[in-house]
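Report on one structure; see the data block that follows.
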């Protein structure tokens, strides 16, 4: 009878009972070993026990490779919320859009899961001093958990890591070593240091604990989606797509195994497709997949300002993920730094979520794959928001993010000094009327305008009220829905054209209605632009508004 859990080599299928993590296979010297569990038994335990367990990653204890719970360390990692992206979903026309909010971890990133399990395993192995290489988040998480465990950490970071992150690593008591070079060079320096000192080296994606920790993201998503969508043929629900920014590839590799295990236990009925998004300036997986390569072609000189994803050589993760995507569908995609920074703005302004640039890459990838039709708008999509923003980097905001008003020493006349300065803040305000009966659509349009310009906004929920508002306020622009009660959008346009003082106000139609040829003809010559709900972006709307107002 087989003993579980077991270690199994992915190269030669060698297997033995799991008593401690092995770095290499005793039979073929392969450096990728997986843990295999007694899945029917775990399914029975979970059915009975999970409802009573706390919402941390340790609720899935039976599928984590820690031999004895006495060594378990926790700062409350896991159990992060799955958020419905209501405003963004409306803008993109993707109603089944969810955000896995990993910003809620103890140190603000999904790497807390990795650190919790990896440091617990180190403690179980009797490690008292360890070495790791990082672009920031891993070092912060490991430093925090090693402080709890009483393990000394040597953190080797590339010199491009922001000083704020280095200081956070140091405050936990870790020894920070700044390496002038790329992340791949930093890994080499760290490995040489560990070898010379005889210290334990964290092996990143080749570490069993690191990969296994990321399964818990999949477990939580499947549980949480069932709460939103209700159970289908199985107790839990898998999304159609799982999207994550990718550097070394640890996250999606672990998440994929998590969904595989759920499928083996009968808790979900299908596997999601993976979308792995990289920065254009360091996209070895994207380029290698496009060339049909089995092994990644390294990027020797990364050209991205998003340092946390600047891994030029993803090693075995690419081979794993490329196989998964070839067999099950999915996508590798690259986005520019500018696209990622824009996505950060969109999520902050529409959903109230401030994220790290690496997470911005994932959302920029979502926008791109939707626009290409790779992801259908009726599919259920989960995007990993991998971490919280650090102190907002200045290049994200530009020069005009703040306006200054000086309070005078003496009270001046109202039109001068403080009141005059305050008044000047609104001199360029453009007046926009939104005629829309759907409160969610009104909220979306209002948030786009509020976040991206000094607009004065008026709203009406039907055509009759809208006409009264337009006559009273004389806006510079009208955003008009066609399907409204009392008087529809076509009727509003007819009235506007019949009243001489209103004829010149530009109108942009924003509608979900599929227009016939006759309806398009009725609009022709009477509107500035036609935008279809669910497929326009905030940039497209603002471009049309700018052109309408400037004419």
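Using all C-alpha to C-alpha distances in the stretch 428-550, build P(r) with 10 Å bins and read off the rounded percent in each one.
Percent of Cα pairs in each bin: 13, 52, 33, 2.
Apply the a/c threshold of 1.5 to the C-alpha gyration tensor of the stretch 100-140 and tell me whether it is rounded, prolate or oblate.
Oblate is the answer for the stretch 100-140, as a/c is 1.5 or above yet b/c matches or exceeds a/b.
Can you give me the convex hull volume of the Cα atoms of the stretch 207-318, divided per residue and expressed in Å³?
Measuring per residue, one finds 114 Å³ for the Cα hull of the stretch 207-318.
Answer rounded, prolate or oblate for the stretch 151-264, using the Cα gyration tensor with square roots of eigenvalues a ≥ b ≥ c: rounded when a/c is under 1.5, else prolate when a/b is larger than b/c, else oblate.
prolate
Could you line up 148, 225 from fewest to most neighbouring Cβ atoms inside 10 Å?
Exposure proxy ranking, most exposed first: 148, 225.
Using R₀ = 35 Å, calculate the FRET efficiency as 1/(1 + (r/R₀)^6) where r is the Cβ-Cβ separation of residue 431 and residue 514; round to 0.05.
So, using R0 = 35 Å, E works out to roughly 0.70.
Could you give the length gained by full extension between residue 229 and residue 199, i.e. 0.36 nm per residue of separation minus their alpha carbon distance, to one decimal place?
Numbers: separation 30, 0.36 × 30 = 10.80 nm, distance 4.81 nm.
Full extension of this stretch gives 6.0 nm more.
Considering only the chain, what is the antiparallel percent among its DSSP beta bridges, to the nearest 5?
Within the chain, antiparallel bridges account for around 20 percent of the total.
Can you tell me which of 372-381, 472-481 comes out highest on packing, and rank the rest after it, using the mean Cβ neighbours within 10 Å?
472-481, 372-381
Suppose each label sits 7 Å from its Cα in the direction of the beta carbon; what would the residue 41-residue 180 distance come out to in nanometres?
Between residue 41 and residue 180, the label points sit 5.6 nm apart.
Kindly put 101, 518 in sequence by how many other C-beta atoms sit within 10 Å of each C-beta, fewest to most. Intermediate values should be presented prior to the final figure.
Details: 101 20, 518 7.
Going from least to most buried by this count: 518, 101.
Roughly speaking, what % of Cα-Cα pairs in the chain are separated by over 41 Å, rounded to a whole number?
32 percent
Need the full-extension length gain, residue 290 to residue 500, defined as separation in residues times 0.36 nm minus the C-alpha distance. One decimal, nm.
69.8 nm
Tell me, what is the FRET efficiency for residue 68 and residue 22 to the nearest 0.05, using R0 = 22 angstrom and their Cβ-Cβ distance as r?
Given R0 = 22 Å and the Cβ-Cβ separation, E is 0.80.
Grab the beta carbon distance between residue 86 and residue 53, set R0 = 35 Å, and tell me the FRET efficiency rounded to 0.05.
It comes to 0.75.
Using alpha-carbon pairs under 8 Å, 6+ residues apart, how would you state the relative contact order of the chain in percent?
12 percent
By the gyration tensor of its Cα atoms, with a ≥ b ≥ c the square roots of the eigenvalues, what is the shape of the stretch 80-220: rounded for a/c under 1.5, prolate for a/b over b/c, or oblate?
Note, shape of the stretch 80-220 comes out prolate.
Fully extended, how many nm does the chain gain between residue 372 and residue 483 (0.36 nm per residue separation, minus their Cα-Cα distance)? Write down the numbers at each step before the final one.
On the way: separation 111, 0.36 × 111 = 39.96 nm, distance 2.80 nm.
Working it through step by step, the gained length comes to 37.2 nm.
Which order do 300, 444, 530, 541 fall in if you start with the one that has the fewest other Cβ atoms within 10 Å?
On the way: 300 11, 444 24, 530 17, 541 21.
Ascending Cβ contact count within 10 Å gives the list 300, 530, 541, 444.
Would you mind checking the tilt of helix 357-371 against the longest principal axis of the Cα atoms of the chain, expressed as 0 to 90 degrees and rounded to 10?
Value to nearest ten degrees: 60.
Each reported figure results from applying straightforward, stated rules to the coordinates on display, with no laboratory input. Everything numeric in this text was worked out from a predicted model, so none of it was measured. Using ideal geometry, Cβ is built from the backbone for each residue, glycine included, and neighbour counts are taken over all protein chains shown.
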